[in-house]
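Structure record follows, encoded as C-alpha cells.
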Amino acid sequence: MYWKDDGDKDEVLKQDILDAMENAELNPGYIVASSEPIPASNKKGDNPPHAKAKQRYEEIANDEFLCTQEHPDEDRPQPIVFEISTDGLQYQECGASTGKASSAAMGTAIVAARGTDEPPKERVGFGRRHD
C-alpha cells in the first residue's frame, strides 16, 4: 500500500491499490490480517505488520478490520469465524454460538473431510495421459 522506490526519500501511498480494494469491497465487508499484533506505531525499518497500513484498512473496511492475533484480544487470541447461511456471510463474535452445530458435530465433520489413511483405489493425476 505504501512504496518507496530506490532513490526516493519517503514512502508514497499507492492510491491505485486502495482504489482497487474499495472497488472489490462487498457488503458485508471485512478485512482480515493474518499477522502478529499490529503495533500502535512503527519505527523506521520495522517489518510488517504496519500501523500505517492498519489505519488505512480501518478506513476502507465496510464493516470491520480484524487481526488474527488480536482477536478478541492479544492476550488470548481466538479464531475468527464467519458463517455462510441463507442470510449470507455473518461474522461470529467470540463466544457467540449460532446453535446450528455442536462441537461434536464439528469434530465429526472434520474427521469425515480428512478421509482415511487408505490410498486411492484409482489412479489420480493431472493433465492428459500420454500412452
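The values are calculated or read from the model by the stated rules, or taken from the named source; none is laboratory data. Bear in mind the structure is a predicted one, so any value in this text is a computation, not a measurement. Please note: Cβ atoms are built from the backbone with ideal geometry, for glycine as well, and neighbour counts cover all protein chains shown. Ligands, DNA and RNA are excluded from the accessible area calculation, which covers all protein heavy atoms including side chains. Shrake-Rupley method; radii C 1.70, N 1.55, O 1.52, S 1.80 Å.
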Yes or no: residue 32 open to solvent by 50 Å² or more (accessible area, probe 1.4 Å) and either touching a helix residue (DSSP H, G or I) at 6+ places or on another chain (Cβ under 8 Å) or among the aromatic types (Phe, Trp, Tyr) (or both)? yes
Considering only residues of the range 108-119 that are open to solvent by less than 100 Å² (accessible area, probe 1.4 Å) and part of a loop (DSSP other than H, G, I, E, B), which is modelled with the highest pLDDT? 115
Output the number of the condition that residue 75 fails; it satisfies all remaining conditions of (1) touching a strand residue (DSSP E or B) at 6+ places or on another chain (Cβ under 9 Å); (2) free of Cβ contacts under 8 Å to residues at least 24 places away in the same chain; (3) open to solvent by 80 Å² or more (accessible area, probe 1.4 Å). (1)
Report yes if some residue within the range 90-97 is within 26 Å of residue 1 (Cα to Cα) and either modelled with pLDDT of 85 or more or surrounded by 14 or more Cβ atoms within 10 Å (Cβ to Cβ) (or both); otherwise report no. yes
Is it true that residue 74 is among the acidic types (Asp, Glu) and modelled with pLDDT under 90? no
For the range 39-71, which positions are among the aliphatic types (A, V, I, L, M) and open to solvent by 80 Å² or more (accessible area, probe 1.4 Å)? 40
